[in-house]
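Heads up, the thing below is written out as structure tokens.
The values are calculated or read from the model by the stated rules, or taken from the named source; none is laboratory data. This one's a predicted model, so the numbers in the text were calculated from it and none came from an experiment. Ideal geometry is used to build each Cβ from the backbone, glycine not excepted, and the neighbour counts take in all protein chains shown. For accessibility, only protein heavy atoms count, side chains too; no ligands or nucleic acids. Shrake-Rupley method; radii C 1.70, N 1.55, O 1.52, S 1.80 Å.
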Amino acid sequence: MPVPYIDVHNLSKRYADEMLFSDLTFSISEGQRVALVGLNGTGKSTLLSILARHEYADGGTINYRRDLRIAYLEQSPVFPEDSTVLDACCLHADEGLQQRAKKILTRLHLTDMTQRVDTLSGGQQKRLALARVLLQEFDILLLDEPTNHLDLGMIEWMEDYLSRSVKTLLMVTHDRYFLDRVCNVILEIDNGQMYSYRGNYAYFLEKRQQRLDVARAEQQRANNLYRRELEWMRRQPQARGHKARYREEAFYELQQQARRRIEERAVKLQNSSVYIGNKIFEAQYVSKAYGDTCLLKDFYYNFSRFEKMGIVGDNGTGKSTFLKLLMGREQPDGGRFDIGETVRFGYFSQEGLQFDEQDKVIDVVRNIAEYINLGRGRQLSASQLLEHFLFSPAQQHSFVAKLSGGERRKLYLCTVLMQNPNFLVLDEPTNDLDIQTLQVLEEWLYDFPGCVIIVSHDRYFMDKVVDHLLVFRGGGQIDDFPGNYTQYRQWQQGRKSDESTADSHKNKGTNSKNDSRSVGKGAPQKPADGKPRKLTFKAKYELEQIEKELPQFEAQLHELEASLGSPDIDHMERQRMAEQYQLLQQLIDDKTLRWMQLQEE
């Protein structure tokens, strides 16, 4: 039997007049890798802090195995004043531990061991704290959002590091690939209660949905019984006998059950009918450098209508700088951005938005707009948008000061969407957002009728939303890849495999010549022997992507045809739809031509 490391019974915690959780009972045993999930503001970080003995619970008991060693990565780490990176990581350690520290710090892109900690950015300090925690001797490791501020390479390294470890883990994370590949138990805090799932993320989704379905059915039964009992209560005289009083007490219990809110988080919210012209933006040979560090060098790109682009790459390669150049927050050293007249940006920056702590949540969004126009006389109110992004009516009329860090990020996102943009530019929108909110945002972006650029290290999110990548490699080198992140990683692995095979043939004395001829936008050239060359891994993915997209575009075209034939639409709407029809037809023609080229190859 696994040895219980931590046993928790009836734990509760309250902040001011708000109950975060109550009567939480669970245990963590030796060798388990546990993920703690739940909506922002439900007390996940607080629970980790309590288990790490950094703060106290209001009620309940926690039993620890004797001499249990706990290592804890908190969201806002604190370091000794005036310390260097190496000292803060392993002060007074022996030479062997220092060498190990240097390896981990270097892997986390902290290469200057003598740099003072107080000169590091917030993201760098979080990585330093992670290195410090991984160097400790521990029995159980508590991690609060360990993947925040890590680039994709670091996340995959840590994923591999922790999955190989035999140590016990408890982590708060919203990175679903990380969760799926590292954890084997999921604990969910929902409505102040704890639910346990022994399995991966897919198993959690299935069983959680079953739990919600049962809860909704029970609530419906309670609602029906409540209506009957309410009618009975209204018919009774004031003086009641013992049996009537017993039934009256049961009624009030039933009333509480009937009014319990089971949130429907799969509600589909229709996006606004934004319009964006054919010209989006053109990056005309843009260059940008800071000192000797080149971020962009003669970069050219012509952005397409309805494109959903993801930007990935290591920290410091220029991803956020590219967005700031596009938004006019910084100026290029050379070249320019030519932006279409109809483009209306909505920009979510890493720096976030400064809120007035005494403002109510609903007023923050209403200060942007009262309504979003959905077209055809429909509107979406500020309150409806907030509710869709899982702000309850009580939270909407509460003060900003009461929001958690994740809830503030979510509120900032709502202020961006409330501007009703037709081009969303999102810089790390997934940091600190809970899984349910990420699912809502994914659905919103999937249906968004405009353009999207996203910088994110959340691989699951990128796979769900984007269909095209710019990969920033550093030194001004940027790769253009037609697919999502997983497809890009598979292409990378396939290329490495091809290179390994080529090296093997070379070592065996096999000679090959490189074909350096350029293939333009017309029909592809064939080798001199007349035989079609084999598609590259990248081209194969592009072909598969086009074959998936074409039926979708054609279905949209048929819908537009049917709508244009309706007598119920006004002149302006008909004109807008006619323009969209022409653009969609052109897109289908372009995709079909490219498909023919790839087939010929």
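With the cut-off at 31 Å, tell me which of the pairs Lys167/Lys324; Lys13/Lys126; Lys288/Lys538; Lys319/Lys464; Lys324/Lys538 have Cα atoms farther apart than that.
Lys167/Lys324
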Stokes-Einstein D in µm²/s, Kirkwood radius over Cα pairs - the stretch 407-448 at 25 °C with 0.890 mPa s viscosity: 228 µm²/s
Alpha carbon convex hull of the stretch 1-135, projected area averaged over orientations, nm²: 10.5 nm²
Residues listed by number, the stretch 275-307, amide nitrogen under 13 Å from Leu583 label point at 7 Å toward C-beta: 275-281, 303-307
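Suppose accessible area is computed on protein heavy atoms with a 1.4 Å probe; arrange Arg473, Arg181 from highest to lowest.
Arg181, Arg473
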Which of Arg305, Arg198, Arg132 is most accessible, then next, and so on - probe 1.4 Å: Arg198, Arg132, Arg305
Which of Arg329, Arg66 is most accessible, then next, and so on - probe 1.4 Å: Arg66, Arg329
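Accessible area of the stretch 325-423 with a 1.4 Å probe: how many percent of it is carbon plus sulfur?
43 percent
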Cα-projected label distance for Leu550 with Gln210, points at 7 Å along beta-carbon direction, nm: 4.2 nm
Linear extension gain, Leu91 paired with Gln331, 0.36 nm per residue minus alpha-carbon span: 82.2 nm
Cut-off 19 Å, label 7 Å out along Cα→Cβ of Lys496, residues of the stretch 89-119 by amide N: 107-109
Lys, Arg +1 and Asp, Glu -1 on Cβ, resulting dipole of the stretch 289-355 about Cα centre, debye, nearest 20: 240 debye
Long-range amide H partners of Asp23 with built H, under 5 Å: Leu11, Ser12
Residue-level accessible surface for Tyr371, protein heavy atoms, 1.4 Å, Å²: 120 Å²
Arg14 accessible area, assembled protein chains, probe 1.4 Å, Å²: 100 Å²
Shape box of the stretch 72-150 [Cα atoms, principal axes, largest first, Å]: 30, 28, 23
Estimated distance in nm for a label pair at Ala369 and Tyr285, the labels positioned 7 Å out from Cα along Cα-to-Cβ: 3.9 nm
Estimated FRET transfer efficiency (Glu30, Gln384; beta-carbon r; R0 35 Å; 0.05): 0.15
Rounded percent of accessible protein surface that carbon and sulfur make up, the stretch 90-213, 1.4 Å probe: 47 percent
Reciprocal mean inverse distance between Cα atoms of the stretch 307-394 - Kirkwood radius, Å: 16.6 Å
Separation in nanometres of the label points that stand 7 Å from Cα toward Cβ, at Ile569 and Thr114: 6.8 nm
